[in-house]
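Novice: For reference, the structure I am asking about is given below.
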Amino acid sequence: MKKLKNWDNKTWLSSKSYISQFNQFLKFRVNLNKNSKILDIGCGRANIISSLHKKYKFKNKPVGIDIVKNKDIKKNIIFKKIDASEYLKKNQSYDLILIKQTIHFFTKIKLNRLLNLAKKNLNPKGKILIFSLKTKNNKIPCFKKMRKNLEKSLKRDEVLFKVIKKNLKEISYTNFNFKVNISKQKYVRMIKERYISCLLNMNNKEITFGISEIKSKYKNQIKFTDTLKCIIFRK
Ligand SMILES: C[S@@+](CC[C@H](N)C(=O)[O-])C[C@H]1O[C@@H](n2cnc3c(N)ncnc32)[C@H](O)[C@@H]1O
């Protein structure tokens, strides 16, 4: 798969309100304090752990890992450009391992390996939180070809959810909902920058055609709910 670079590049996923609502969501599910050790797998620009660190002033800076080193990664965390499974071989101990919108980059075998290693890297009372797009009735605004690719990817995610359930066994589920209100102009820019992996393999002609479809299909302001399924594992 081509590399994803613009996922959180000035999009709603890096907005102050998204990060603050997301961290509020975490607060009710994970017991965080200044002693907590956090690892964010596939951290992107590390907006989430950076904001957590500002709030909790952890004794150990949160660690964010990603195979892509973007330009403007947050500076107040420890960033490592490394494959997740490689990093986890170092055997550290974390209280929270966050895997947000990243599992779809893994094959079933690699995901199993990742989960086994993640469990080994977890403190006795630690938690793994996995977030992924909801697979049924997803509201992400799409043009036709984009929808087709997204649906295919969501079908694959359902298989990955089964892998997770089989591997982690004792898990609970909840949803994280964020109400998006974005101008059509901004959303068109996000599509141009291929912000989501179902756009990565499209050629420029397909993107241009898709944008004209979005322009005629949506009003100037696009509103929808971005829903993530959250899977919680506790040791
Ligand atoms: C959709 S982005 C999500 C970024 C961030 N977690 C968020 O929710 O805003 C997925 C990220 O996973 C990273 N990634 C993909 N495969 C990876 C791997 N094997 N190890 C570490 N990071 C990986 C990608 O480079 C990308 O930055």
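The values are calculated or read from the model by the stated rules, or taken from the named source; none is laboratory data. Keep in mind that what you see is a predicted model, and the values were worked out from it rather than measured. Counting neighbours? That spans all protein chains shown, and the Cβs are built from the backbone with ideal geometry, glycine included. Heads up: the accessible areas ignore ligands, DNA and RNA and are worked out on the full protein's heavy atoms, side chains in. Shrake-Rupley method; radii C 1.70, N 1.55, O 1.52, S 1.80 Å.
Novice: Residue check, residue 81 against (1) within 16 Å of the ligand (Cβ to nearest atom); (2) touching a residue at least 60 places away in the same chain (Cβ under 8 Å), all met but one. Which one?
Specialist: (2)
Listed here are the residues, each with its yes/no results for (1) without any contact (Cβ under 8 Å) to a residue 40 or more places away in the chain; (2) in a strand (DSSP E or B); (3) under 17 Å from residue 161 (Cα atoms).
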{"residue": "85", "(1), (2), (3)": "yes, no, no"}
{"residue": "91", "(1), (2), (3)": "yes, no, no"}
{"residue": "95", "(1), (2), (3)": "no, yes, no"}
{"residue": "99", "(1), (2), (3)": "no, yes, yes"}
{"residue": "110", "(1), (2), (3)": "yes, no, yes"}
{"residue": "114", "(1), (2), (3)": "no, no, yes"}
{"residue": "119", "(1), (2), (3)": "no, no, yes"}
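Novice: Between a first residue in region 1-27 that is part of a helix (DSSP H, G or I) and a second residue that is of a type in the set (Asp, Glu) and surrounded by 18 or more Cβ atoms within 10 Å (Cβ to Cβ), which pairs have beta carbons less than 6 Å apart while being 6 or more apart in sequence or on different chains?
Specialist: From region 1-27, the pairs are 14/8.
Novice: Still on this structure, please answer the following. Tell me, which residue of region 15-35 that is of a type outside the set (Val, Ile, Thr) and surrounded by 17 or more Cβ atoms within 10 Å (Cβ to Cβ) is farthest from the chain's Cα centre (by Cα)?
Specialist: Initially, region 15-35 is screened for residues of a type outside the set (Val, Ile, Thr), giving 15-18, 20-29, 31-35.
Add one more test, that the residue is surrounded by 17 or more Cβ atoms within 10 Å (Cβ to Cβ), and what stays is 18, 22-23, 25-26, 32.
Details: 18: 12, 22: 11, 23: 13, 25: 14, 26: 14, 32: 20 Å.
Taking the candidates together, the pick is 32.
Novice: Something else about it: Anything in region 64-78 that is part of a strand (DSSP E or B) and under 15 Å from residue 102 (Cβ atoms)? List them, or say none.
Specialist: Our first condition is that a residue be part of a strand (DSSP E or B); within region 64-78, this holds for 64-66, 78.
Result: 64, 65, 66.
Novice: Can you tell me how many residues in region 209-235 are open to solvent by 60 Å² or more (accessible area, probe 1.4 Å) and closer than 30 Å to residue 168 by Cβ?
Specialist: Total meeting the criteria: 2.
Novice: Scan region 46-63 for residues that are open to solvent by less than 20 Å² (accessible area, probe 1.4 Å) and not in a helix (DSSP H, G or I) and jot them down.
Specialist: 46, 58, 62, 63 - these are the residues of region 46-63 that are open to solvent by less than 20 Å² (accessible area, probe 1.4 Å) and not in a helix (DSSP H, G or I).
Novice: Whether any residue in region 168-184 is in a helix (DSSP H, G or I), open to solvent by less than 90 Å² (accessible area, probe 1.4 Å) and either closer than 30 Å to residue 37 by Cα or not aromatic (Phe, Trp, Tyr) (or both) is what I want to check.
Specialist: Yes, because at least one residue in region 168-184 is in a helix (DSSP H, G or I), open to solvent by less than 90 Å² (accessible area, probe 1.4 Å) and either closer than 30 Å to residue 37 by Cα or not aromatic (Phe, Trp, Tyr) (or both).
Novice: In region 31-45, which residues are within 16 Å of the ligand (Cβ to nearest atom) and in contact with a strand residue (DSSP E or B) (Cβ under 8 Å, 6 or more places away or on another chain)? Spell out how you get there, then give the answer.
Specialist: Kept after step one, since they are within 16 Å of the ligand (Cβ to nearest atom), are these residues of region 31-45: 38-45.
Answer for region 31-45, where residues must be within 16 Å of the ligand (Cβ to nearest atom) and in contact with a strand residue (DSSP E or B) (Cβ under 8 Å, 6 or more places away or on another chain): 38, 39, 40, 41, 42, 43, 44.
Novice: Of all residues in region 201-218, which are modelled with pLDDT of 95 or more and in a loop (DSSP other than H, G, I, E, B)?
Specialist: 202, 203, 218
Novice: If you don't mind, there's one more thing I want to ask. Within region 123-139, is even one residue assigned to a helix (DSSP H, G or I) and closer than 18 Å to residue 49 by Cβ?
Specialist: For region 123-139, residues assigned to a helix (DSSP H, G or I) and closer than 18 Å to residue 49 by Cβ: absent.
Novice: Taking the stated definitions as given, is residue 19 of a type outside the set (Asp, Glu), more than 8 Å from the ligand (Cβ to nearest atom) and more than 22 Å from residue 104 (Cβ to Cβ)?
Specialist: On the way: of a type outside the set (Asp, Glu): yes; more than 8 Å from the ligand (Cβ to nearest atom): yes; more than 22 Å from residue 104 (Cβ to Cβ): no.
Against the criterion (of a type outside the set (Asp, Glu), more than 8 Å from the ligand (Cβ to nearest atom) and more than 22 Å from residue 104 (Cβ to Cβ)), residue 19 does not qualify.
Novice: Also: Spot the failing condition for residue 71; the list is (1) in contact (Cβ under 8 Å) with a residue 12 or more places away in the chain; (2) within 16 Å of the ligand (Cβ to nearest atom); (3) open to solvent by 10 Å² or more (accessible area, probe 1.4 Å), and only one is missed.
Specialist: With (1) in contact (Cβ under 8 Å) with a residue 12 or more places away in the chain; (2) within 16 Å of the ligand (Cβ to nearest atom); (3) open to solvent by 10 Å² or more (accessible area, probe 1.4 Å) applied to residue 71, the lone miss is (1).
Novice: Here's a check for you: in region 97-154, which residue that is within 21 Å of residue 188 (Cα to Cα) and open to solvent by less than 10 Å² (accessible area, probe 1.4 Å) is farthest from the ligand (Cβ to nearest atom)?
Specialist: In this case the residue turns out to be 143.
Novice: Could I ask something else about it? I'd like the residue in region 84-96 that is within 13 Å of the ligand (Cβ to nearest atom) and not aliphatic (A, V, I, L, M) and, out of all such residues, is farthest from residue 113 (Cα to Cα).
Specialist: Filtering region 84-96 for residues within 13 Å of the ligand (Cβ to nearest atom) gives 84-89.
Of the ones still in play, those that are also not aliphatic (A, V, I, L, M) are 85-87, 89.
Values: 85: 7, 86: 10, 87: 12, 89: 10 Å.
In this case the residue turns out to be 87.
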